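Contents: one structure, followed by commentary.
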Amino acid sequence: MLLKGQSVKMKQLIIDKCGQDAYDFFNQYVNTESDATLIVSTTNSFNILNSNTKFNSLINLTKVNNVRRINKFFEEVNSKLQPGDYFIVAFQTIQARHESKKINKIPVLKHLYFFFEFVFLRMFPKIWGLKKVYFLITRGRNRLLSKAEVLGRLVSCGFKIVDVNAFKGISYAVVQKEKLPDFNMSPSYGMVFAMNRIGKNGKAIKVYKFRTMHPYAEYLQDYVLQLNGYAHSGKPKNDFRLTPWGKWMRKYWIDELPQIINLLKGDLKLVGVRPISQRYFNDIPKDLQDLRSKFKPGCVPPYVALNRNGDVQSVLIAEREYLKEKVNSPFTTDTKFFFKAIFNILVKGKRSA
C-alpha cells in the first residue's frame, strides 16, 4: 500500500502504526514530512518500482517477516536508490515474537510450542516437498527471522547498517545504499557451513564447520567488530549472530568436526595456527602474518597445547612460540603439540575459547 500523497497526515499515520518513539527515531535520519521521502506499507515492491515520486529515502512500515522473497525485495529497493540514500526496514525478531505469545508464560508447554513452530516456520521452507505445504498454509507470512539474518540480508543486498532500534516489539533498521547487491543465489542455511579463511601462502580456502550462527551472519563481521570490538577470546564481543545452541557447540569443539573434510582435502593439518578470516589476519602484527603464511593452518591450535588463555594476546603469543619451534623442528613440533593438547583437554579440562 502506497501511503505518500494520501490526505491522512503522515505524522499521525506513522505514530498510530509504529508509535511516537519510532516516529522520532525515523526523523533522526530522514524527514518524514518531505516529498523526497517515500513511505509505504507493503510486502510487494510493485508500488516502489512503479512510483512516479522522486525520492532519496524510503520507509516501509510493514514487517519484512511478511515478505515472501526478501532478498528480491531488498534488491529492487536498492535499484531505486542512489548511494547514500536511506532505507528504513521494520522486522520482528524470533525473541520478540516469543515474548509476544501468551504461551511464553507457561513452563514446559512453551518449549514444545516454540520447537514445533521453529520446525514448521524455519525448517519446512528449506526442505524439498515441504516447502509447498509451508507456503500453502502461511502464504509466506510471519516468517521467523533473527536480527542477524535481516541485517545480513540487507548488507548482502548492498546496504550499510547505520542504526537499529526496537519499539513495542518491532525492530527498525536504518540503512544506506552503499553498493550494488551481491545477488547471492545460494545462501547457506544448512547445518554445515563453509567459511572464507586464509590458508598457506595467503591462499583463500573454505573451512567447514557446523553452523553456530544465523544465516547471512557472515556479512556482519565488520559491523559486529565496529560495534563491539574483540572479546578476550579473540572473537567478536557480544556477538548477536550466535544461535542459542552455538555457544555450547563451540565450547566443546563440536562445531569444528566437519573440518575433517579440510583434512582430507589438504587445506588444513591436524595441528597448527587457527584458520582465520581476512579481517582478523589484517589486524595481527606483520611479522606474525609472515610466519603464519609459511604453514597450513590446523585444527588443534597452539594455545590449547600450551594451556594458555583464549584472549587475543595469549593466542598470538602461543602461535608465535609454536611457529618459531615449527621453523626449527618441522617434523617433531606438531607431534609434541598434539599430545600436549590431548592431555590438556582430557586431564586438565581445557575448553575452547
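The values are calculated or read from the model by the stated rules, or taken from the named source; none is laboratory data. What you are looking at is a predicted structure, and each value in this text was computed from that prediction instead of being measured. Here the Cβ positions follow ideal geometry from the backbone for every residue, glycine too, while neighbour counts run over all protein chains shown. What goes into the accessible areas is simple: the full protein's heavy atoms, side chains included, and nothing from ligands, DNA or RNA. Shrake-Rupley method; radii C 1.70, N 1.55, O 1.52, S 1.80 Å.
Kindly list the number of the only condition in (1) assigned to a helix (DSSP H, G or I); (2) within 25 Å of VAL30 (Cβ to Cβ) that fails for ILE88. For ILE88, the exception is condition (1). Among residues that are assigned to a helix (DSSP H, G or I) and either charged (D, E, K, R) or surrounded by 14 or more Cβ atoms within 10 Å (Cβ to Cβ) (or both), TYR219 is included. Among residues of region 58-117 being in contact with a helix residue (DSSP H, G or I) (Cβ under 9 Å, 6 or more places away or on another chain) and of a type in the set (Ser, Thr, Tyr), the one that is nearest to ASP35 (Cα to Cα) is SER79. The set of residues from region 94-125 being among the hydrophobic types (A, V, I, L, M, F, W, C), open to solvent by less than 50 Å² (accessible area, probe 1.4 Å) and touching a residue at least 12 places away in the same chain (Cβ under 8 Å) comprises ILE94, ALA96, PHE114, LEU121.
Going by the conditions given, is ALA231 out of contact with any strand residue (DSSP E or B) (no Cβ under 9 Å at 6 or more places or on another chain), of a type in the set (A, V, I, L, M) and farther than 29 Å from ASN78 by Cα? Yes. Restricting region 260-280 to residues that are open to solvent by less than 30 Å² (accessible area, probe 1.4 Å) and free of Cβ contacts under 8 Å to residues at least 60 places away in the same chain, the residue that is nearest to VAL207 (Cα to Cα) is ASN262. Here region 186-205 is the region considered, the condition is being exposed (fewer than 15 other Cβ atoms within 10 Å of the Cβ) and more than 20 Å from SER146 (Cα to Cα), and the residue that is farthest from the chain's Cα centre (by Cα) is ASN201. Does ARG308 meet the test of being of a type in the set (D, E, K, R), out of contact with any strand residue (DSSP E or B) (no Cβ under 6 Å at 6 or more places or on another chain) and over 23 Å from LYS209 (Cα atoms)? So ARG308 fits the description; yes.
The rows are residues; the columns are (1) surrounded by fewer than 16 Cβ atoms within 10 Å (Cβ to Cβ); (2) closer than 30 Å to HIS111 by Cα; (3) modelled with pLDDT under 90.
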{"residue": "VAL207", "(1), (2), (3)": "no, no, no"}
{"residue": "PRO258", "(1), (2), (3)": "no, yes, no"}
{"residue": "ASN282", "(1), (2), (3)": "yes, no, no"}
{"residue": "LYS286", "(1), (2), (3)": "yes, no, no"}
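On inspection, GLN313 fails the criterion of being open to solvent by less than 70 Å² (accessible area, probe 1.4 Å), more than 25 Å from the chain's Cα centre (by Cα) and more than 24 Å from PHE331 (Cβ to Cβ).
Quick grid of which residues meet (1) among the charged types (D, E, K, R); (2) assigned to a helix (DSSP H, G or I); (3) in contact with a Cys (Cβ under 7 Å, 6 or more places away or on another chain):
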position	(1), (2), (3)
LYS296	yes, no, no
VAL304	no, yes, no
ASN307	no, no, no
LYS326	yes, yes, no
PHE339	no, yes, no
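Of all residue pairs spaced 6 or more apart or on separate chains, those with beta-carbon atoms under 7 Å, a first member in region 139-154 that is of a type in the set (D, E, K, R) and a second member that is not in a loop (DSSP other than H, G, I, E, B) are ARG141/ASN66; ARG143/ASN65; ARG143/LEU121; LYS147/THR93; LYS147/SER171; ARG153/ILE70; ARG153/ASN71; ARG153/PHE74.
Does at least one position in region 182-195 carry a residue that is of a type in the set (A, V, I, L, M, F, W, C), touching a helix residue (DSSP H, G or I) at 6+ places or on another chain (Cβ under 8 Å) and at positive phi? Yes, some residue in region 182-195 is of a type in the set (A, V, I, L, M, F, W, C), touching a helix residue (DSSP H, G or I) at 6+ places or on another chain (Cβ under 8 Å) and at positive phi.
I need the full set of residues from region 168-189 which are more than 28 Å from GLY84 (Cα to Cα) and without any contact (Cβ under 8 Å) to a residue 60 or more places away in the chain, in order please. SER188, the sole residue that qualifies. For SER51, state whether it is polar (S, T, N, Q) and open to solvent by 30 Å² or more (accessible area, probe 1.4 Å). Taking the combined requirement at face value, the residue does not satisfy it.
Yes/no per residue for (1) touching a Ser or Thr at 6+ places or on another chain (Cβ under 8 Å); (2) farther than 21 Å from GLN221 by Cβ:
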{"residue": "ASN238", "(1), (2)": "no, no"}
{"residue": "TRP245", "(1), (2)": "yes, no"}
{"residue": "ILE260", "(1), (2)": "no, yes"}
{"residue": "GLY272", "(1), (2)": "no, yes"}
{"residue": "SER277", "(1), (2)": "no, no"}
{"residue": "PHE281", "(1), (2)": "no, no"}
{"residue": "PRO301", "(1), (2)": "no, no"}
{"residue": "LYS336", "(1), (2)": "no, yes"}
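Here ALA305 clears all of (1) at pLDDT 95 or above; (2) surrounded by 20 or more Cβ atoms within 10 Å (Cβ to Cβ) except the condition numbered (1).
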